[in-house]
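Okay, so here's the structure we're looking at.
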Amino acid sequence: MTTTVRTRVAIVGAGPAGLLLSHLLAEAGIESIVVDQRTRDEIESTIRAGILEQGTVDLLAQIPGSRVHTVGTRHDGIELRFDGHGHRIDFPGLVGRSVWLYPQHEALKDLIAARLAAGQDLRFGVTVDRVEGAETDRPSVFATTAEGEDLQLEADFVVGADGSRSNARVAVAGSHTGGYFREYPFAWFGILCEAPASSEELIYSNSPDGFALISQRSATVQRMYFQCDPDADPHALSEAEIWDTLQKRVPGTTLTEGPIFQRDVLRFRSFVAHELRRGRVAIVGDAAHTVPPTGAKGMNLAVADVILLAQALESLLSGGDERLIEGWAEKALRRIWKAQHFSWWMTSMLHVAPDASDFDRLRQLGELRSVVESEAGRTYLAEAYTGWPLEP
């Protein structure tokens, strides 16, 4: 027996995009149901990156109970390190904005608590099988609950915010893989370690041996990465070998070492779905696009998608006006492709390609100098990194 539940907007995915969308819709008086196949504990305990643009922080700060300004840490710049020297990019001095280090799982704790306190219908452990009826005025989500019962969500609109392996994407783009795709010939070997910070701000280091990123998670937990082969085994290196590799790639900075309690290999992909909307089904966030992490655009781009979509859905569902939803994808894609370019640019400028020649290496150093020695170059990097203005 299938249980059918009626709602205005069915949201697949309780990540930042889905939860924030439910919040914005509720503010507009539009009820929604959010489902996710993970448990609440899985969502809140999966440690993920969290460099938030100024506009993202300003929006999250309006969520009741948000800790973005109390737990999050403002960063006013980053360091580009190459050829043995560091070069600071001063965000406020260049563009009057900053970024915040606020890990995504902390933002999700805030959003889940706020939505549940507001009475949001938020269902964990629900596995979505498919989305049907995109071209009708009653699209439906077909799913299975944690108890193994069949569930159908019948809605006025369905939004897929269910990540890079999105099932909702099939209803929009026609397949799981329908999109523009690029895979990079390197990956990041990432670690989490128990140690104080090695630097007050993030260090992006280009070295002859490959890229390294020195980042943070908290006062006692640090996140660091170094460029590696996509097929690298995260358990093949000893802790001493990992620290030697990291230290070699950030010459001039002495890293503070500590016990490594998590390690993984993060592959690099760029993806944009061929379509972001079909009829009354849309996809946002990682369901619609993924970017290399070098430009810190993943969660921020999802927030930008949702702000535009919330406006369009309010206009459609409360006012019967289809103009904003008809133009939503085109408008969202302008920012998406800008972010794709910035992420690709940062990635190609900072990493050493496996087949790089001496010419490629020297040209890359010339590019880095062109950025740090030019106010216009530093300003572009600061403007894109801290985030282009969000829609009102």
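Can you pull out the residues in the range 204-242 that are at pLDDT 95 or above, over 19 Å from residue 187 (Cβ atoms) and not in a loop (DSSP other than H, G, I, E, B)?
Within the range 204-242, 239, 240 meet the criteria.
State all residues of the range 245-294 that are of a type outside the set (A, V, I, L, M, F, W, C), under 14 Å from the mean Cα position of the chain (by Cα) and closer than 27 Å to residue 235 by Cβ; if no residue qualifies, say none.
269, 286, 290, 292, 293, 294
Given the conditions (1) in contact with a Phe, Trp or Tyr (Cβ under 6 Å, 6 or more places away or on another chain); (2) surrounded by fewer than 17 Cβ atoms within 10 Å (Cβ to Cβ), which single one is not true for residue 119?
(1)
Mind checking which residues of the range 243-255 are of a type in the set (Val, Ile, Thr) and assigned to a loop (DSSP other than H, G, I, E, B)?
250, 253, 254
Select from the range 153-187 the residues that are basic (Lys, Arg), open to solvent by less than 50 Å² (accessible area, probe 1.4 Å) and farther than 19 Å from residue 278 by Cβ and list them in ascending order.
none
Limited to the range 349-392, what total is found for residues that are of a type in the set (S, T, N, Q) and either within 14 Å of residue 81 (Cα to Cα) or touching a residue at least 12 places away in the same chain (Cβ under 8 Å) (or both)?
Going through the range 349-392 one residue at a time, the tally reaches 4.
Please determine, by comparing only the residues of the range 349-392 that are more than 24 Å from the chain's Cα centre (by Cα) and β-branched (Val, Ile, Thr), which one is surrounded by the fewest Cβ atoms within 10 Å (Cβ to Cβ).
Only one residue fits best here, namely 372.
Residue by residue, here is whether (1) assigned to a loop (DSSP other than H, G, I, E, B); (2) open to solvent by 60 Å² or more (accessible area, probe 1.4 Å); (3) under 18 Å from residue 11 (Cα atoms) holds:
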site: 30; (1), (2), (3): yes, no, yes
site: 33; (1), (2), (3): no, no, yes
site: 38; (1), (2), (3): yes, yes, yes
site: 43; (1), (2), (3): no, no, yes
site: 48; (1), (2), (3): yes, yes, no
site: 57; (1), (2), (3): no, no, no
site: 63; (1), (2), (3): yes, no, no
site: 68; (1), (2), (3): yes, no, no
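Might you check whether a residue that is buried (at least 17 other Cβ atoms within 10 Å of the Cβ), of a type in the set (A, V, I, L, M, F, W, C), touching a Ser or Thr at 6+ places or on another chain (Cβ under 9 Å) and touching a residue at least 40 places away in the same chain (Cβ under 8 Å) occurs anywhere in the range 319-341?
yes
Go through (1) over 30 Å from residue 206 (Cβ atoms); (2) aliphatic (A, V, I, L, M); (3) at pLDDT below 95 and name the single condition residue 134 misses.
The one condition residue 134 does not meet is (3).
Give the range 147-172 a look and list any residue that's over 22 Å from residue 25 (Cβ atoms), in contact (Cβ under 8 Å) with a residue 60 or more places away in the chain and of a type outside the set (Ser, Thr, Tyr), or say none.
149, 150, listed by residue number.
The values are calculated or read from the model by the stated rules, or taken from the named source; none is laboratory data. The structure presented is a predicted model; accordingly, all values stated were derived computationally and were not measured. Positions of Cβ are generated from backbone atoms using ideal geometry, with glycine treated the same way; all protein chains shown enter the neighbour counts. The area values use the complete protein model at the heavy-atom level, side chains included, leaving out ligands, DNA and RNA. Shrake-Rupley method; radii C 1.70, N 1.55, O 1.52, S 1.80 Å.
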